[in-house]
Amino acid sequence: MNKRNDKYYMTTAIAYASGKPHIGNTYEIVLADSIARFRRQQGYDVFFQTGTDEHGIKIETKAAEKGVTPKAYVDDVAGEIKNIWDLMNTSYDKFIRTTDDYHEKQVQKMFKKMYQKGDIYKGSYEGLYCNSCESFFTESQLVNGNCPDCGRPVIKANEEAYFFKMSKYADRLIEHINTHPEFIQPESRKNEMMNNFLLPGLKDLCVSRTSIKWGIPVDFDDRHVVYVWLDALTNYITGIGYDCDGESTDQFNRMWPADLHLIGKDIIRFHTIYWPIFLMSLDLPLPKQVFGHPWLLQGDGKMSKSKGNVIYADDLVKLFGVDAVRYFVLHEMPFENDGIISWELMVERMNSDLANTLGNLVNRTIAMTNKYFGGVVEDKKVTEPVDDDLKAVVTGTAAIVEEKMDKLRIADAMTEIFKLFKRCNKYIDETAPWVLAKDESKKDRLATVLYNLVEGITIGVSLLEAFMPETTEKTLAQLNTVRRDYEELDQFGLYPSGNKVTDKPEILFARADLNTVMDQVEQMYAEQASANAPAEEEKEDEDDAEAIHVDLKDEITFDEFEKLQFVIGEVVSCEAVKKSKKLLLFQVKIGDQTRQIVSGIKKWYAPEELVGKKVVVLLNLKPAKLAGLMSEGMILSAEDADGDVSLLTTMKDMPSGSSVS
């Protein structure tokens, strides 16, 4: 239980700045915060870094849809992410953004150093690419033909790129993993990386793109931008002052290597294969541990906006409060398996664990102290055998919690603290203070019982601070004391005898009614839907509106219409046709195939704003050459009386290949 003076550098994965994080994303920052707070309590010199990943094709596409620049888009989203991290009372020391100037400059330096070292070379890529994860895969790595990480379809991609020679460092990484069993946790994640990726043999990794503009330029070849994962992963060293030219800060020299990278299990491959190999190329030591935590699911599936099953942290906080939400996400997540969240489970935990086990314990103890002794807490040292077991549980909890936290079993650590509170509640039943109060000769025994309860609660909530800091602060204020130092948590009897508790105890957690909560949830969602609905445009008077005259073509039969095959396509890439003022060259994904289509809409659209768009395609139009390029279909658009053009799409996000009829 002695204090350490060692450094402890830990990070979360940086959140992708494509949209508002849901509670499953927020879980990670709360989990990291509980570890950081606990290590500080132990006496470590903690540096806790988080932030946002702000480059890539998804952001480029979303910004175009919003009609803003990518930088303006990520500025807005990064601010929202930071607000939620702050709302959840997380104690990060640094919030890095990959658009920070110093980070971008170091990424360029690192890329160049790797290139000059021969670890990066120029080539071309033809393979399977997941737009959502911004990752390339081999055929054998796909799951049911889809991306192994997110389950979405992949597309065939072909472009010039720079590659990293992964195989050069593969044997060294395998040896490191075998000789450092703590490096990848849990064990199942290590087995997955070894068996699915390392042992079958690593392919060279694409580390640049030419079809994306929103990224860090390769400074010696500005047609290329740095592959998002090389950019994002290096935040862990740039954020603490790494300099590729050898001028790193004192902070970097003290803090690196990281003691813990805390990440979601879906990005374990990037952090345990690509990241260590990048570090080897830079001649830097590897992080001590990478922990791939499970997912927080709603129902039986991963939260996804496309599935419409998203719960947000700020909505939960409105109904239950910050610490109740922190308790739930930390306590309900197993070490290795996915956890489940629902409004019903939140209400159940609120009532059983928080309102009853903890809240009622604190309230009863303070109320009895006020009722029987005017709020004065005194240790009269009139003991009985039942006290010994209480004291043993209370003083032994810190060591068990430390053991659990060292293994990153955060939910188990919280369970041990609540066992302490349950033991205090049992002690009330065993000693029956209300019975002792009826016998004047038992007054000193009653005082001792209440002192033991106050002391037990003080130690318990001192341990709880890492997980529920506001609750700890409120409880200690009501007990008129301060958080117990970590090295004193195994000592019973340090609460000042004669101290006085508050005469107005505050209810820490009120019981929740499920029906009331569900009514509030329904109302909250209705208000959000109303607020997000587009404002109804003012309609012009029909008399004043200038209607377009439509010239009718010759009628066709239904059989003739049936011959036309209209489908939904997703624009994979788009570029201007050289020496043409009108034409754009598209690669359009249609189900399991990709078609090349040439379209004369250059006047109305910039190529980069069309990537990722869903369009309507006439698929069985006879191929034709336009400007020397083969066009294998037609992208449909509408044209008004002024000649303005708009591509056709759908009201809902339909998968590519969907039939249009």
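The values are calculated or read from the model by the stated rules, or taken from the named source; none is laboratory data. Being a predicted model, the structure only gives us computed values, none of them experimental. Note that each Cβ is placed from the backbone with ideal geometry, even for glycine, and that neighbours are counted across all protein chains shown.
Below, the figures for the structure above:
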read-out: Odd one out for L358 among (1) under 21 Å from P469 (Cβ atoms); (2) within 23 Å of the chain's Cα centre (by Cα); value: (2)
read-out: Hits in region 114-131 - residues which are touching a helix residue (DSSP H, G or I) at 6+ places or on another chain (Cβ under 8 Å) and more than 30 Å from E570 (Cβ to Cβ); value: M114, K117, D119, I120, Y121
read-out: Residue within region 333-349 that is crowded, with 18+ Cβ neighbours inside 10 Å, under 26 Å from the mean Cα position of the chain (by Cα) and assigned to a loop (DSSP other than H, G, I, E, B) present; value: yes
read-out: Exclusive hit being closer than 18 Å to Y274 by Cβ and either of a type in the set (A, V, I, L, M) or at pLDDT 95 or above (or both), set Y125, Y129, Y162; value: Y162
read-out: Scope region 241-255; condition touching a residue at least 60 places away in the same chain (Cβ under 8 Å) and either surrounded by fewer than 21 Cβ atoms within 10 Å (Cβ to Cβ) or of a type in the set (G, A, S) (or both); matching residues; value: D243, C244, D245, Q251, R254
read-out: Region 627-643 - residue that is farther than 15 Å from G657 by Cα and assigned to a strand (DSSP E or B) and, of those, modelled with the lowest pLDDT; value: E639
read-out: Filter result for I400 (at pLDDT below 95 and surrounded by 17 or more Cβ atoms within 10 Å (Cβ to Cβ)); value: no
read-out: Selected residue [in a loop (DSSP other than H, G, I, E, B), at pLDDT 95 or above and surrounded by 13 or more Cβ atoms within 10 Å (Cβ to Cβ)] from L450, L494, L476, L463; value: L494
read-out: Subset of region 16-68 (residues that are in a loop (DSSP other than H, G, I, E, B), under 23 Å from V107 (Cα atoms) and of a type in the set (S, T, Y)); value: S18
read-out: Residue in region 1-54 that is surrounded by the most Cβ atoms within 10 Å (Cβ to Cβ), counting only those that are under 10 Å from the mean Cα position of the chain (by Cα) and of a type in the set (G, A, S); value: A13
read-out: Test: residue in region 156-174 that is of a type outside the set (K, R), under 30 Å from M405 (Cβ atoms) and without any contact (Cβ under 8 Å) to a residue 60 or more places away in the chain; value: yes
read-out: Test: residue in region 262-283 that is among the aliphatic types (A, V, I, L, M), out of contact with any Asp or Glu (no Cβ under 6 Å at 6 or more places or on another chain), part of a strand (DSSP E or B) and at pLDDT 95 or above; value: yes
read-out: Identity of the residue in region 84-129, assigned to a helix (DSSP H, G or I) and among the acidic types (D, E), that ends up surrounded by the most Cβ atoms within 10 Å (Cβ to Cβ); value: E104
read-out: Looking only at region 76-97, and only at residues there that are free of Cβ contacts under 8 Å to residues at least 12 places away in the same chain and of a type in the set (D, E, K, R), the one that is nearest to I212 (Cα to Cα); value: D76
read-out: Residue within region 323-330 that is at pLDDT below 85 and surrounded by 19 or more Cβ atoms within 10 Å (Cβ to Cβ) present; value: no
read-out: Subset of region 127-174 (residues that are closer than 19 Å to E192 by Cα and among the hydroxyl-bearing types (S, T, Y)); value: S135, T138, S140, S167, Y169
read-out: Residues located in region 307-332, provided they are under 20 Å from R409 (Cβ atoms) and either in contact (Cβ under 8 Å) with a residue 60 or more places away in the chain or not in a helix (DSSP H, G or I) (or both); value: R326, Y327, V329, L330, H331, E332
read-out: Unmet requirement for K71, which otherwise passes all of (1) under 30 Å from L408 (Cα atoms); (2) assigned to a helix (DSSP H, G or I); value: (1)
read-out: K391 free of Cβ contacts under 8 Å to residues at least 24 places away in the same chain, part of a helix (DSSP H, G or I) and in the same structural domain as E465 (by TED's automatic domain parsing); value: no
read-out: Residue in region 290-311 that is modelled with pLDDT of 95 or more and farther than 21 Å from T12 by Cα present; value: no
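Table: residues versus (1) out of contact with any Cys (no Cβ under 7 Å at 6 or more places or on another chain); (2) over 22 Å from Y162 (Cβ atoms); (3) basic (K, R); (4) surrounded by fewer than 23 Cβ atoms within 10 Å (Cβ to Cβ).
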residue	(1), (2), (3), (4)
P186	yes, yes, no, yes
E192	yes, yes, no, yes
N196	yes, yes, no, yes
G201	yes, no, no, yes
C206	yes, no, no, yes
T210	yes, no, no, yes
I216	yes, no, no, no
R223	yes, no, yes, yes
Y227	no, no, no, no
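Listed here are the residues, each with its yes/no results for (1) without any contact (Cβ under 8 Å) to a residue 40 or more places away in the chain; (2) farther than 18 Å from M654 by Cβ; (3) in a strand (DSSP E or B); (4) touching a helix residue (DSSP H, G or I) at 6+ places or on another chain (Cβ under 7 Å).
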| position | (1), (2), (3), (4) |
| --- | --- |
| C574 | yes, yes, yes, yes |
| K581 | yes, yes, no, no |
| E608 | no, yes, no, yes |
| G612 | no, no, no, yes |
| N620 | no, yes, no, no |
| K625 | yes, yes, yes, no |
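For every residue, the table says whether it meets (1) over 25 Å from D323 (Cα atoms); (2) buried (at least 23 other Cβ atoms within 10 Å of the Cβ).
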position	(1), (2)
K380	yes, no
K391	yes, no
D412	no, no
L420	no, yes
I428	yes, no
E440	yes, no
M468	no, yes
